[in-house]
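A.B. asks: Would you mind keeping the following structure in view while I ask a few things?
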Amino acid sequence: MSDSQIKPQLSFGQALAGFKNLPNWLQSMINATSGMLILLLVWWIGGILISANPDTEAFAAFAPEATFSALWYLIETGSIWETIYSSLSRIISGLFWGVVIGVPTGVLVGYFLMFRQIANMPFQFLRMISPLAWMPIAVLAFETWDSAIVFLLAMATIWPIVFGTAHGVQRIDPNWFQVARNLGADGYQMLRRVIMPAIAQDVFAGIRLAIGVAWVVLVPAEYLGVTSGLGYAINDARDTLEYDTLAAVVVVIGVIGYLLDFIAVTLIKRYSWHVE
Amino acid sequence: MTTKASSVWISDLSHTFKKQTKPTLKNINLTIPKGQLTALIGRSGCGKSTLLQMLAGLLIPSDGAVRINAHTVTKPSAKWNMMFQKPSLYPWMTVRENAALGLVFSGTYKAKQDRVETLLEMVGLAEHKDKNVQQLSGGQQQRVALARSLATEPEILLLDEPFSALDAFTRTQLQNEVAEICHNQGITMVMVTHDIDEAVAMADKVVIMSQNPGEIVGEMEVNLTYPRDRSVDEFISLKEKLFNEFEKIDIAKQNSINEDNL
Ligand SMILES: Nc1ncnc2c1ncn2[C@@H]1O[C@H](COP(=O)(O)OP(=O)(O)OP(=O)(O)O)[C@@H](O)[C@H]1O
Ligand SMILES: [Mg+2]
């Protein structure tokens, strides 16, 4: 027997088998962490390649180190909070209108066949229009840039919320209404105890999609007119060639987007009533 | 024989659905004795569910009326409660929440909380009361529906083929339990079924319906004590009698319809 055979060696196959034996939550945490590490690695390599190439050398500040120190600076000086606040309040206003208009519309579309037949074509048509395409109209129709952006965000959020709500309403078992009526429910109780819990998860699923679209639309919408928000910060950093700040804002956009999605997923789970 | 106190009167009830020319129900007259179980049997499509929905106030007859204890039924009420073929529980609620729903609607849950617990115990679900209803078997779900119907203390319980989706053992067990509840608690029950065995096992009175249009064509008293032994000759001969009666009337009616159509 040679020495190398005596030395305990962990083969890849054994490691994989050991990994599979770990509890599920630990596996998923390890996987998630590796995903982030891979992303950082690719970014880091990209940064090295950029600074190594004389043609792109000027953009070296996009690399992780520069970005994170710029990010730290933004946090330390506190300037990022105001930027985030502006963007978030626009998102929330847009989402507010999306919900206020989208949920009742979705209920009508889901509940009444006639409404569904009438609305289907126009809604599918409107849905496919990029919210940004409304920009010129929004600018004409609204006095401030801010309200124009909120309008764009509302246009982006309405459709997923309408379709999510309608889907939820269509899944309602008609017997649930009959049983509730039979047990003496009035209109408000029917809404509160039957309709709302029945559709909540689908409404939140719609809101989740809406947040995704709105967050994507927000940044280009903020390139125009306004002097606050994450989109503005990106545009401003580009104009002043502060690429590290630009990249830092991109990171902030990603992190907040992730957190918003996380909140939506938590709500979906909270209101989901399907037992898996 | 003493006359029994009646709690439901159906008088000259006819019904034609919208956009239909022929009536679904025609000239129904029936009194349902208080505190007893009345079974409604008939072929599929003869209008049993339609009639039951009218007793529940979920459907208003185009002619005639249903009166319950001197009230004309015009809308649903927790006092006359319907239990459907499917349990139709609310999947986002626990067993207890489902059973308590009628009390929540009437704003009396706080005061009558104990009643829900007692009922869940009675239907054998005490240990499952905090489970989501989706974790229960079909028979257990139907028991939750039964507890939910009984929680509002209905004077009348209407049952539309409540056991037809259950396996034979669970069905037999629930049949006996429900008949017992009816007589112990003095709740008037009207049950639709097309199972002759079920009708004879549970009912004090069986009402026979025929179709095209739905009419009441016969009645049969079942004077057997509870719990009923289904293997005794008396039970079996009553079943045969009911079956023969049903066939005779049904065939006679089909013949007369065919003659009319000639
Ligand atoms: N909403 C409605 N509109 C029109 N016709 C209806 C409606 N509901 C029931 N019917 C018709 O009325 C007749 C009686 O229906 P019903 O459901 O009362 O029958 P049933 O005796 O309960 O049958 P089953 O034993 O199959 O449940 C059927 O011919 C049915 O097609
Ligand atoms: Mg029926």
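A.B. asks: Restricting to the range B:158-185, and then to whatever is more than 16 Å from ligand 2 (Cβ to nearest atom) and among the acidic types (D, E), can you tell me which residue is nearest to B:S88 (Cα to Cα)?
C.D. replies: Filtering first and then ranking leaves B:D167.
A.B. asks: Now for a different question. Quick one: which helices (runs of 4 or more DSSP H) lie wholly within the range A:1-120 and hold at least 1 residues that are closer than 19 Å to A:I256 by Cβ?
C.D. replies: Qualifying helices (runs of 4 or more DSSP H): A:24-52, A:64-77, A:79-111.
A.B. asks: If you go through the range B:53-65 one residue at a time, do you hit one that is open to solvent by 80 Å² or more (accessible area, probe 1.4 Å), more than 14 Å from the chain's Cα centre (by Cα) and within 15 Å of ligand 1 (Cβ to nearest atom)?
C.D. replies: Yes: one or more hits.
A.B. asks: Further question: Grab the helices (runs of 4 or more DSSP H) fully contained in the range B:145-262, keeping just those with 2 or more residues being away from ligand 1 (no atom under 16 Å from the Cβ), more than 14 Å from every other protein chain (Cβ to nearest Cβ) and open to solvent by 60 Å² or more (accessible area, probe 1.4 Å).
C.D. replies: Qualifying helices (runs of 4 or more DSSP H): B:168-185, B:233-261.
A.B. asks: When the range B:219-262 is examined, which residues are found to be β-branched (V, I, T) and within 13 Å of B:M209 (Cα to Cα)?
C.D. replies: B:I249, B:I251
A.B. asks: Also: Can you tell me which residues in the range B:209-239 are of a type outside the set (D, E) and within 15 Å of B:N27 (Cβ to Cβ)?
C.D. replies: Across the range B:209-239, the qualifying residues are B:M209, B:S210, B:Q211, B:N212, B:P213, B:G214, B:I216, B:V217, B:G218.
A.B. asks: A further question on this structure: Quick check on this structure: which one of A:S86, A:S69 is open to solvent by 40 Å² or more (accessible area, probe 1.4 Å) and either farther than 30 Å from A:G164 by Cβ or out of contact with any Asp or Glu (no Cβ under 7 Å at 6 or more places or on another chain) (or both)?
C.D. replies: A:S69
A.B. asks: Give A:F142, A:F163 a once-over and let me know the one that is open to solvent by 40 Å² or more (accessible area, probe 1.4 Å), more than 14 Å from chain B (Cβ to nearest Cβ) and within 18 Å of the chain's Cα centre (by Cα).
C.D. replies: The match here is A:F163.
A.B. asks: Then there is this: Out of the range B:51-80, which residues are part of a strand (DSSP E or B) and either within 13 Å of chain A (Cβ to nearest Cβ) or aromatic (F, W, Y) (or both)?
C.D. replies: Those that are part of a strand (DSSP E or B) and either within 13 Å of chain A (Cβ to nearest Cβ) or aromatic (F, W, Y) (or both): B:S77, B:W80.
A.B. asks: Residues to consider are B:I32, B:I41; find the one that is among the hydrophobic types (A, V, I, L, M, F, W, C), within 16 Å of ligand 1 (Cβ to nearest atom), closer than 16 Å to B:I208 by Cβ and under 16 Å from the mean Cα position of the chain (by Cα).
C.D. replies: Sole residue among the options that is among the hydrophobic types (A, V, I, L, M, F, W, C), within 16 Å of ligand 1 (Cβ to nearest atom), closer than 16 Å to B:I208 by Cβ and under 16 Å from the mean Cα position of the chain (by Cα): B:I41.
A.B. asks: Then there's this: Can you tell me which residues in the range A:177-194 are in a helix (DSSP H, G or I), open to solvent by 20 Å² or more (accessible area, probe 1.4 Å) and within 11 Å of chain B (Cβ to nearest Cβ)?
C.D. replies: A:F177, A:Q178, A:R181, A:Y188, A:Q189, A:M190, A:R192, A:R193
A.B. asks: Open to solvent by 50 Å² or more (accessible area, probe 1.4 Å) and either more than 27 Å from B:E127 (Cα to Cα) or more than 16 Å from ligand 2 (Cβ to nearest atom) (or both): does that describe B:N29?
C.D. replies: The answer is yes for B:N29.
The values are calculated or read from the model by the stated rules, or taken from the named source; none is laboratory data. Predicted, not measured: the structure shown is a model, and the values here were computed from it. All Cβ positions, glycine included, derive from the backbone under ideal geometry; neighbour counts span all protein chains shown. Accessible surface is based on the protein model in full, side chains and every heavy atom, while ligands, DNA and RNA are left aside. Shrake-Rupley method; radii C 1.70, N 1.55, O 1.52, S 1.80 Å.
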